[in-house]
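The values are calculated or read from the model by the stated rules, or taken from the named source; none is laboratory data. Since we're looking at a predicted model, the values are computed, not measured. Because the Cβ atoms are built from the backbone with ideal geometry, glycine has one as well, and the counts that use them run over all protein chains shown. Ligands, DNA and RNA are stripped out before the accessible areas are found, and what is left, the full protein with its side chains, is counted by its heavy atoms. Shrake-Rupley method; radii C 1.70, N 1.55, O 1.52, S 1.80 Å.
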Amino acid sequence: MSSENGPTPPSERIVALDALRGVALLGILVVNVRVFSMPGSVLTNPTIYGDLTGVNYWAWFVGHVFAEQKFITVFTFLFGGSVLLFIRSAEKSGRSALRLYGRRSGWLVVFGLGHAYLLWYGDILVAYGLCAFGVVFLRDYTPRRLVLFGVGLLAFPSVVEILAGLTLDPSAIASTWQPPETALRTEVETYRSGWGDQMGHRIPTAFQRQTTGFLGYTVWRVGGSMLLGMALFKWGVLTNDRPPRFYRRLIGFGAASGLAVILAGVWYVQASDWGIGTALFWRQFNYWGSVPLAVAYVGMVMWYCQRRPDGVLTRSLAAVGRTAFSNYILQTGLATSIFYGHGLGLFGQTTRVEALGVVVAIWAVQIPLSVLWLRYFRFGPMEWLWRVLTYETRQPLRVSRSDG
């Protein structure tokens with residue numbers, strides 16, 4: 001059931017779903033820290049900046065194989081599932097579901113724009129908010145049709161990149177694959193400078209991501225993953241309604257198939273010594289391999305939560321998941337304060353291993369803080385503000401005796 005006048009109260013939440021969201025949110029930082037700490041092009045070609053030998057190579061390798069695109073895909077699955085949760089909750093309350101949903105999505109875009117242009121250009125909230133306006137109209141499709149449409153959307157940018165790789169002169173993407181040293185140096189100097197000086201890079205980069213980047217790639221990847229998440233929700237996978245044997249099979253199949261494809265991609269690009277001719281092709285391995293591996297992660301968390309529904313780890317991760325919006329913004333605030341010039345100014349100076357150390361340190365702040373916060377408050381601060389703006393009524397924030 002849901003509250004008649006507002007969002008689902010804490011006592012009625014699906015703990016496993018919250019725990020999965022917490023895992024995804026924490027895992028996303030393993031990849032995002034690379035862009036917080038180094039020039040953004042390292043996500044495309046890690047050889048362009050920083051040491052990539054010894055333990056630093058393995059730090060990159062583990063992050064690429066097990067984190068890059070996997071946790072953001074899980075997070076997007078969950079956002080797709082939340083579309084159905086929200087609509088069902090609003091319909092039960094007797095209010096206009098689509099009107100509330102439109103307001104909710106619109107405010108998410110507004111928050112995302114502020115996040116992208118004031119804090120960090122790598123924001124995903126704008127893309128989520130915009131894609132949410134489209135996927136909601138497919139909410140009544142069967143899971144099978146949602147999967148077909150989702151895979152179709154996912155395939156579009158992949159096909160375009162493969163065709164480009166077959167027809168374009170590799171020099172056409174040289175500036176992306178191997179940016180000039182002067183461009184890298186300028187980016188490093190910019191983010192070691194003050195907040196105002198960073199705007200010269202942040203604003204055009206965020207604008208490009210939200211225009212040509214969104215239309216050429218993000219809308220297809222995010223929209224497709226949301227539809228897959230809606231299917232997984234309808235099948236009872238995200239709500240932990242399937243038996244343990246089902247989740248064990250999901251783990252086995254997803255991990256085996258996903259890792260095989262991703263590792264093949266690593267072998268392919270390294271066999272060519274990171275040659276520019278492989279740039280558009282090698283991306284496809286992780287692009288597709290991340291989907292079944294993300295599904296395996298879903299299976300792992302659901303299976304664990306069935307075995308330890310009241311365990312300390314389950315509850316801690318669920319606390320992070322219940323405050324995921326606030327924690328997402330907090331990650332940006334902490335990371336930029338460590339790496340950017342208005343803070344410690346370590347941008348471009350830390351190794352990949354050291355950056356992972358920063359990730360662990362941020363986790364060490366976020367997990368206990370989330371647990372402590374929810375002892376006294378029903379929602380994270382950003383979640384609460386989002387709900388107030390969506391429902392246009394003040395929501396209770398402090399925990400009451402009726403909360404579970």
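Things to note:
- Protection proxy ranking of 167-180, 101-114, 217-230, 200-213, by the mean of other Cβ atoms within 10 Å over each peptide's residues and highest first, is 217-230, 101-114, 200-213, 167-180.
- Principal-axis tilt of helix 181-191 within the chain, Cα atoms, nearest 10 degrees: 40 degrees
- Between the Cα long axis of helix 381-391 and the first principal axis of the chain there is an angle of about 60°, rounded to the nearest 10.
- ARG88/LEU389 FRET efficiency (R0 25 Å; Cβ-Cβ; nearest 0.05): 0.75
- Alpha carbon convex hull of the stretch 129-196, volume per residue in cubic angstrom: 149 Å³
- Dipole-positive endmost among LEU119, ALA67, SER96 within the stretch 59-154 (Cβ charges, Cα centre): SER96
- The chain: angle of helix 279-307 to the longest principal axis, Cα-based, in degrees nearest 10: 30 degrees
- Translational D in µm²/s for the stretch 236-393 (Stokes-Einstein at 20 °C, 1.002 mPa s, Kirkwood Rh from C-alpha pairs): 113 µm²/s
- Accessible area of the stretch 117-157 divided out per residue, in Å², using a probe of 1.4 angstrom: 45 Å²
- Solvent-accessible area, 1.4 Å probe, carbon plus sulfur percent, for the stretch 323-399: 68 percent
- Cα-derived Rg to Rh of the stretch 140-299, Kirkwood definition: 1.05
- Label positions at LEU397 and MET199, each projected 7 Å from the Cα along the C-beta direction, are separated by 2.9 nm.
- For the stretch 164-253, dividing the convex hull volume of the Cα atoms by the residue count gives 207 Å³ per residue.
- Accessible area per residue in Å² at 1.4 Å probe, computed on the stretch 163-259: 52 Å²
- Across the stretch 65-219, the relative contact order, built from alpha-carbon pairs under 8 Å that are at least six residues apart, equals 24 percent.
- Inter-label distance, ILE276 to LEU344: 3.7 nm, where each label sits 7 Å from its Cα along the C-beta direction.
- Here the chain is treated with +1 on each Lys and Arg Cβ and -1 on each Asp and Glu Cβ, and its dipole about the Cα centre works out to around 1600 debye.
- Cα gyration tensor shape for the chain, rounded if a/c is under 1.5, else prolate or oblate: prolate
- Average Cα contact separation per residue, the chain, under 8 Å, 6 or more apart, as relative contact order %: 31 percent
- To the nearest 10, the accessible area of LEU344 is 120 Å² with a 1.4 Å probe.
- Accessible surface of the stretch 75-159 [probe 1.4 Å, protein heavy atoms]: carbon and sulfur percent: 68 percent
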